[in-house]
Structure formats: C-alpha cells, structure tokens
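No lab work stands behind these numbers, since they all come straight from the coordinates. All figures in this text were calculated on a predicted structure; none of them were measured in a lab. Cβ coordinates were reconstructed from backbone atoms using ideal geometry, including for glycine residues, and neighbour counts include every protein chain displayed.
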Amino acid sequence: MMTTNSLPDRQTMYNALLSRDSSFEGIFYVGVKTTGIFCRPSCTAKKPKLENVDFFNSAKNAMLYGYRPCKLCHPLEIKGKFPEWMSALMSEIEKNPSFRIKDYDLAKRGISPHKLRRWFKDNLGMTFQTYLRTLRISQAFGRIKEGDKVIEAAFSSDYDSLSGFNAIFKKTTGFTPNSSKNKNIIQVTRILTPLGPMLAGATEKGICLLEFVDRKMIETQLKRIRKIFKAELIPGKSKYFKELSEQIANYFEGKRKKFDIPLAIDGTNFQMMAWKALLKIPYGKTVSYEHQAKVIDNPKAVRAVAKANGDNRISIIIPCHRVIGKDGSLTGYGGGIWRKQYLLDLEQKKKAAWIYRRLM
Ligand SMILES: [Zn+2]
C-alpha cells in the first residue's frame with residue numbers, strides 16, 4: 001500500500017483497532033482483505049489479523065481500493081448516522097448499488113440534489129456520482145470473495161458455463177453481460193499507484209485498459225472495450241498483470257522510462273495514428289497538440305487530436321500526459337490536472353513542483 005503517508009504507523013493503528021479506540025475515529029479506516037469490507041477503528045466486528053488489513057486515510061480511498069462499507073459500523077456516516085433526510089435513500093442504494101439515480105429520482109424522494117451533492121463533497125470529499133460509480137465498480141471488480149469462486153467455476157469447464165456465470169455476475173454487479181456473441185474475455189484488476197488505484201484490463205493479446213478508478217469516463221471506457229473486443233469483463237488474473245504492476249511501480253520510482261508490455265489497442269484510423277504519435281514522445285519531454293497534429297500529417301486536426309488523447313484507454317503507458325497547451329499550460333487530463341502535473345514532474349525530476357495534495 002503506497003498511500004499511507006498521512007497515517008500513524010501500522011502497529012499504532014492496529015492497536016487502536018484491537019482496543020476499539022474511538023479517539024482514532026476519522027483518522028483512519030481499515031479495509032479487511034479477506035472480506036472486502038472496510039470499517040471504522042471502533043467497529044464491533046471480529047478483528048482481523050494484522051497481515052489482512054489495509055489502512056486508509058479516508059472512506060473515499062478505501063472505496064476506490066475496492067472495499068465496501070461495513071454494515072455494522074457504517075463508516076460513511078458521520079458520527080454513525082446519515083442525516084435524517086438522506087437515510088432512506090442511502091439504504092435504498094445499499095440494497096441496489098447499480099441503481100442509477102438522476103436528479104429526477106432525487107426530487108421524487110423529496111431530496112434536493114444540490115443539498116445532497118453538497119453533503120457528499122463536504123463529508124466524503126467526493127461527488128455523489130463518484131460515490132455511486134465507485135460502489136458499482138467495487139461491486140463488479142472489487143475484492144468480492146464469492147465473485148472469485150464464481151469465476152473459478154466459470155473457468156473450470158469451458159465457455160458454456162459463462163452463461164451461468166453471467167447471470168450471477170449480473171445479479172451481483174448490475175453489469176449486464178452481452179449475450180452469447182461475446183466469446184472473448186477481458187480480465188480486470190486493480191493496480192495500485194501513488195496517484196491512487198487504477199483499473200487494468202487485458203485481453204489474450206495484451207493490456208487494453210489502464211485508467212484511474214475515480215475517472216468519470218471509466219464506465220464509458222469499460223463499455224467501449226467490451227464492444228471493441230467483443231468481450232466480457234471479468235475480475236481476474238491475466239498473465240500480463242504481474243509484469244504490468246512491476247513496470248508501473250518501477251515507473252513511479254523513476255526507474256523505468258519505457259514500457260515493454262504487449263498492448264491491445266484498437267480504435268478508428270485517426271485514433272490509432274494519434275495514439276502511435278503519443279508513443280513516440282520521449283520520456284520527460286512534452287509536445288503541444290499542434291505538434292502532435294503535424295506529426296500525423298493533419299495539422300488542422302488539433303481538436304480531434306485532443307479528443308483522441310482523451311479517449312486513450314491506456315494511461316501512462318500511452319503517454320497522453322506528455323501533450324500540453326502551446327503556451328505551456330497543462331490544459332486537460334482525464335485523470336485530473338494534478339495527476340498530469342505529478343507525472344510530468346516525476347519524469348522531469350522536478351522535486352515536488354506541485355503542491356502536495358493528500359491523496360483523494
Ligand atoms: Zn465495521
């Protein structure tokens with residue numbers, strides 16, 4: 001675990017956990033690897049072994065790492081309680097996290113969307129939509145114990161059993177499997193980085209997805225890869241994941257400047273050209289969108305190039321973060337400008353030129 005910088009040391013937190021010390025409330029949250037659940041320090045549930053826990057500085061972080069809130073100690077609730085006006089909605093979401101709640105649905109329940117968004121921002125440091133998305137993704141790809149068994153079952157015979165798998169997968173995740181025409185498998189896992197967890201996906205041929213879990217586009221990207229590769233998404237172990245996490249870890253330590261892992265890239269001709277141009281930008285260098293457009297012999301397509309970069313599904317490895325505005329401004333980045341700044345500073349060996357931001 002890399003994002004524990006603002007936390008007390010592990011043993012102190014573990015002792016607090018064992019003694020259910022409520023003075024540590026809000027200081028740390030604990031994720032239990034064996035159950036996929038996260039708790040407050042003072043939770044009354046049976047205490048896990050030290051080697052089975054992950055500590056987090058925020059509930060948001062615990063969720064992004066795939067943990068689901070404990071039903072005993074309700075770690076998302078402030079002082080153990082949601083405000084009266086939102087408690088019915090929250091139990092509804094708990095029962096059905098795949099429910100896509102629009103402003104209209106809130107209004108129907110007599111809840112002001114503005115007030116709700118405000119509460120999430122102030123108390124959990126994330127938007128209501130990010131919260132819902134994170135819950136859905138945790139359900140689909142989180143540390144779901146039963147899920148692991150289901151996957152084993154699906155792979156123990158051949159593809160025939162996938163239909164049964166799909167039914168269960170849909171029931172537990174809300175992700176609708178795409179009928180029998182999808183015979184391919186994309187395995188999905190989390191890769192941990194100093195900038196937060198990323199979702200990685202791999203086909204038989206290589207890595208097809210690497211994206212920050214909290215990115216708004218993530219579900220759209222997941223849908224796209226399913227369609228492009230005619231594949232089902234399944235949490236699991238690809239032969240590429242070990243190498244990928246090692247290369248990414250080395251990159252963040254400043255020890256790796258080039259990636260050499262097979263990629264599964266597919267897009268329109270224009271996207272393919274734009275992405276190939278990205279792969280040619282050397283480590284530590286930046287170019288402008290105008291330059292990238294010229295490189296692909298399409299100098300007027302500056303906006304289209306920016307769009308193609310935004311659609312890049314393999315962050316960091318296909319380095320869209322190395323493209324910046326003509327005037328040197330960072331312009332946009334799907335994972336957030338602060339991450340783009342971090343990546344460029346890392347590559348250019350600038351010592352924390354960016355203002356350190358407590359992760360998530
Ligand atoms: Zn608990």
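Data overview
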read-out	value
Residues with amide H under 5 Å from that of Ile314, placed H, sequence gap 5 or more	Leu210
Length added when fully stretched, Arg256-Arg100, from 0.36 nm per residue minus Cα-Cα	52.1 nm
Debye intensity ratio in log₁₀ form over the Cα atoms of region 206-248, taken at each q of 0.15, 0.24 Å⁻¹	-0.42, -1.00
Cα-based convex hull volume of region 190-300 per residue, rounded to whole Å³	125 Å³
Low-density loop cleavage sites - trypsin sites (Lys or Arg not before Pro) in region 71-128, where at most 14 other Cβ are within 10 Å (DSSP)	Lys71, Lys79, Arg100, Lys102, Arg109
Pair Met217, Thr34: separation of 7 Å Cα→Cβ label points (nm)	4.1 nm
Rg ratio (alpha-carbon, reference 2.2 N^0.38 Å) - region 1-60	0.97
Potential extension, Ser91-Lys280 segment - 0.36 nm per residue separation minus Cα distance	63.1 nm
Extension gain from Ser19 to Lys242, taking 0.36 nm per residue of separation minus the Cα-Cα distance	76.6 nm
Label point distance in nm, Leu330-Glu204, each placed 7 Å from Cα along Cα→Cβ	4.1 nm
Set Lys60/Lys237; Lys95/Lys242; Lys46/Lys95 screened for pairs whose C-alpha atoms are more than 27 Å apart	Lys95/Lys242
